[in-house]
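Novice: Quick one: this structure, given as structure tokens, is what I'll be asking you about.
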Amino acid sequence: MKHIMSLLLAAGLVSTAQAAVFQNGGFESGDFSAATSFDTIYAGNSAITGWTVVGSVDWINQLWQNSEGTRSIDLNGSGYGGMKQTFDTVAGRSYAVSFDLAGNPARQSLKTVNVSAGNFNNAYQFDTAGRNFNNMGWASHSFSFVAQGNSTTLSFISPTNDDNTYWGATLDNVSVAVAPVPEPETYALMGIGLLGLLAARRRKH
Ligand SMILES: [Ca+2]
Ligand SMILES: [Ca+2]
């Protein structure tokens, strides 16, 4: 049996890789080291369950109003920063992502975050003017992407500039779900609509 298994492994017919599902989108779980209002986490530290830190971020613990639970992320810890997570996908399938965005109001300015996943890439902005720790003004965003392979990396990167270096865009409540596939009836209706359109165009000529 062992022999058969190793043959299958060698042939690439079975995989020993653990399935990685998207997790901890609200940044609630992990090894929070300090009983403080925030903990600066640097690249290479895997304290935040499921996530990879780019540069440095601040893991916020009740310092300000979160959009979900008691923790969230300041994407600029002490300089350039961001968060990435890689999870299993099916190539060619569409996924829906949603997230809540605000900004560290300790520096009033326009915050920017570059978001990418699969074939999707976009920059989002949040203006912290008039906001404070008790009134963060969290804004919900959503988008969909098409997976390019059997795993996808979702990333939120905050560029560094004078106003973002220590006080970045803030992130909470990230979710990833398989986007609903249109019902066959929808395709049929779309087809009929398209035929009608083509017929109408032909009549014009
Ligand atoms: Ca949270
Ligand atoms: Ca910070």
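The values are calculated or read from the model by the stated rules, or taken from the named source; none is laboratory data. Since we're looking at a predicted model, the values are computed, not measured. Using ideal geometry, Cβ is built from the backbone for each residue, glycine included, and neighbour counts are taken over all protein chains shown. Protein only, heavy atoms only, side chains kept; ligands, DNA and RNA dropped before computing areas. Shrake-Rupley method; radii C 1.70, N 1.55, O 1.52, S 1.80 Å.
Novice: Of all residues in region 27-68, count the ones that are within 15 Å of ligand 1 (Cβ to nearest atom), open to solvent by 40 Å² or more (accessible area, probe 1.4 Å) and within 17 Å of the chain's Cα centre (by Cα).
Specialist: Here the count works out to 5.
Novice: Could you list, in sequence order, the residues of region 127-150 that are open to solvent by 60 Å² or more (accessible area, probe 1.4 Å) and either among the acidic types (Asp, Glu) or in a strand (DSSP E or B) (or both)?
Specialist: Matches in region 127-150: ASP127, ASN132, ASN135, SER140, SER142, SER144.
Novice: Cβ-Cβ below 8 Å, separation at least six or inter-chain, first residue in region 68-79 and of a type outside the set (S, T, N, Q), second within 9 Å of ligand 2 (Cβ to nearest atom) and open to solvent by 50 Å² or more (accessible area, probe 1.4 Å): which pairs?
Specialist: ASP74/PHE38; ASP74/TRP167; GLY77/TYR166; GLY79/TYR166
Novice: Please enumerate the residues belonging to region 69-123 that are within 16 Å of ligand 2 (Cβ to nearest atom), of a type in the set (D, E, K, R) and surrounded by fewer than 19 Cβ atoms within 10 Å (Cβ to Cβ).
Specialist: Of everything in region 69-123, just one residue is within 16 Å of ligand 2 (Cβ to nearest atom), of a type in the set (D, E, K, R) and surrounded by fewer than 19 Cβ atoms within 10 Å (Cβ to Cβ), namely ARG107.
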